[in-house]
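The values are calculated or read from the model by the stated rules, or taken from the named source; none is laboratory data. What you see is a predicted model, and the numbers here were worked out from it, not measured in a lab. A quick note on method: Cβ atoms are made from the backbone with ideal geometry, for glycine too, and the neighbour counts reach across all protein chains shown. Quick note on the areas: whole protein, heavy atoms, side chains included, nothing else; ligands and nucleic acids left out. Shrake-Rupley method; radii C 1.70, N 1.55, O 1.52, S 1.80 Å.
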Amino acid sequence: MKEPARLIRACAGQPVDRLPVWLMRQAGRYLPEYRKLRQGHDFLAMCERPELAVEVTLQPLRRFDLDAAIIFADILLLVRALGADLAYEEGAGPRISGLPAPQEISFPSAARVTEALSFVAETVRRVRAELATDKAVIGFAGAPFTVLSYLLEGGPSTDFAQTKALMNQDADTFSRLLSGLAEMTVAYLALQVRAGADVVQLFDSWVGALAPSDFSAFVAPVLTALISRLKALGVPVIYFAPQTAGYLDQVAATGPDVVSVDWRVSLAEVRRQGIRICQGNLDPAVLRDGPRSRIDHEVRRILAEWGGRTGLIFNLGHGVDRRTPVHHINWLIDAVHRGPR
Ligand code: CP3
């Protein structure tokens with residue numbers, strides 16, 4: 001039997017020969033080879049065509065000594081299985097349209113989800129076949145609250161006015177929609193795991209917009225049930241929950257193997273909250289701006305704040321900024337490999 005990849009060992013709190021490191025949004029526009037391929041295709045077409053998605057998934061691994069590949073896709077692909085229209089507008093971000101009123105939204109069967117997203121499974125299969133076994137393949141999906149916020153707002157938002165209005169005024173519908181999305185997410189991630197994903201990550205980019213009491217009343221029950229079903233697929237679950245420093249204990253209590261935190265909280269505090277396995281948490285602006293001495297310093301600070309050899313997966317606190325110079329990533333990975341000295 002082969003040893004599990006370093007990243008998978010770290011997810012279980014097992015000792016590793018060196019810290020695993022990968023970067024959210026490691027595939028994308030900061031890479032010239034991504035921009036070149038992207039010139040000829042729109043973003044959705046790149047996700048839908050496995051030969052292109054595989055290529056883009058592997059691009060960062062050809063350049064950098066990363067411990068994992070994250071499948072090239074998007075958290076919003078799921079909404080198309082709901083019958084919504086999805087478009088990515090240059091500069092404006094994603095736009096979702098064509099959905100009925102929240103009270104009228106109905107959910108597809110697991111079979112329909114699997115069929116609508118089968119191209120993602122094909123990408124996972126090919127990536128897993130091409131990569132060495134010491135590299136983990138990360139499957140992912142949006143967490144229910146974040147996906148619901150996009151459905152209700154129709155795109156990015158700063159105040160989540162539509163989302164909060166539904167939560168405040170029609171809690172039954174709000175909860176029904178979260179549960180429906182969770183159900184779809186189980187089908188979607190089960191598909192990715194069957195295709196060879198070694199670990200799955202739930203992205204809850206906007207959950208930090210909620211009061212602790214609303215996280216606890218509305219989101220936590222759905223998330224706890226979802227995470228327990230994902231763990232039953234036999235892979236570790238990473239939960240990315242930025243801007244939740246005020247209720248990390250509740251985040252941890254939803255049961256993921258790994259909590260992924262942003263830079264607004266120190267890893268010493270994360271430890272104090274009882275989190276034993278964590279992913280994070282360099283500010284992407286440090287990676288973007290440098291200089292090298294600053295990147296080195298911040299990596300050492302983070303390792304010192306965690307203060308242990310196990311249970312840390314090094315990452316950013318959010319995605320790689322598109323303005324990041326490529327060579328800064330080599331500096332970062334070197335610093336992580338050198339360790340706390
Ligand atoms: O490298 C990777 O991390 C894998 C692929 C990946 C993408 N999106 C590709 C992408 C992942 C894991 C995501 C997650 C995602 N998508 C999140 C959660 C993480 C986060 O950033 O908070 C969210 C909120 C989305 C929704 C989304 N997709 C937005 C807001 C945008 C537009 C803004 C932007 O950064 O361009 C996208 C488009 C998108 N998803 C791109 C990529 C590479 C850019 C597409 C392009 O124009 O080339």
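Looking at I329, I295, just one residue is within 15 Å of the ligand (Cβ to nearest atom) and either buried (at least 16 other Cβ atoms within 10 Å of the Cβ) or more than 26 Å from L223 (Cβ to Cβ) (or both), and that residue is I329. Return the residues of region 78-97 that are of a type outside the set (A, V, I, L, M, F, W, C) and either under 19 Å from the mean Cα position of the chain (by Cα) or surrounded by 11 or more Cβ atoms within 10 Å (Cβ to Cβ) (or both); say none if nothing qualifies. Once the filter is applied, which keeps residues that are of a type outside the set (A, V, I, L, M, F, W, C) and either under 19 Å from the mean Cα position of the chain (by Cα) or surrounded by 11 or more Cβ atoms within 10 Å (Cβ to Cβ) (or both), region 78-97 yields R80, G83, D85, Y88, G93, P94, R95.
When the residues of region 256-270 are filtered to those that are without any contact (Cβ under 8 Å) to a residue 40 or more places away in the chain and in contact with a strand residue (DSSP E or B) (Cβ under 8 Å, 6 or more places away or on another chain), the one that is farthest from the ligand (Cβ to nearest atom) is V270.
Any chance you could count how many residues in region 43-58 are within 12 Å of the ligand (Cβ to nearest atom) and open to solvent by 20 Å² or more (accessible area, probe 1.4 Å)? Number satisfying all stated conditions: 3. Right, D159: more than 14 Å from the ligand (Cβ to nearest atom) and within 30 Å of R63 (Cα to Cα) or not? So D159 fails the test. Within region 266-290, the set of residues being assigned to a loop (DSSP other than H, G, I, E, B) and open to solvent by 80 Å² or more (accessible area, probe 1.4 Å) comprises R276 only.
Of the residues in region 50-58, at least one is of a type in the set (G, A, S), closer than 14 Å to G28 by Cβ, under 19 Å from the mean Cα position of the chain (by Cα) and at pLDDT 95 or above. Does L226 qualify as being in a loop (DSSP other than H, G, I, E, B), touching a Leu at 6+ places or on another chain (Cβ under 9 Å) and closer than 23 Å to G13 by Cα? No; evaluated as a whole, the condition is false for this residue. Assessment of region 156-163 against the conditions (touching a residue at least 60 places away in the same chain (Cβ under 8 Å) and under 18 Å from the mean Cα position of the chain (by Cα)) yields at least one matching residue.
Taken over region 190-243, the residue count meeting the criterion of being away from the ligand (no atom under 16 Å from the Cβ) and acidic (D, E) is 1.
Look at region 200-221: where a residue is over 25 Å from A187 (Cα atoms) and a partner is open to solvent by 30 Å² or more (accessible area, probe 1.4 Å), sitting 6+ places away or on another chain with Cβ atoms under 7 Å, you get G208/Q243; P212/G246; P212/Q250.
Restricting L86, L61, L66, L78 to those that are more than 9 Å from the ligand (Cβ to nearest atom) and in a loop (DSSP other than H, G, I, E, B) reduces the list to L66. Looking across region 8-42 at every residue that is part of a helix (DSSP H, G or I) and farther than 24 Å from R338 by Cα, the one that is nearest to the ligand (Cβ to nearest atom) is identified as R38.
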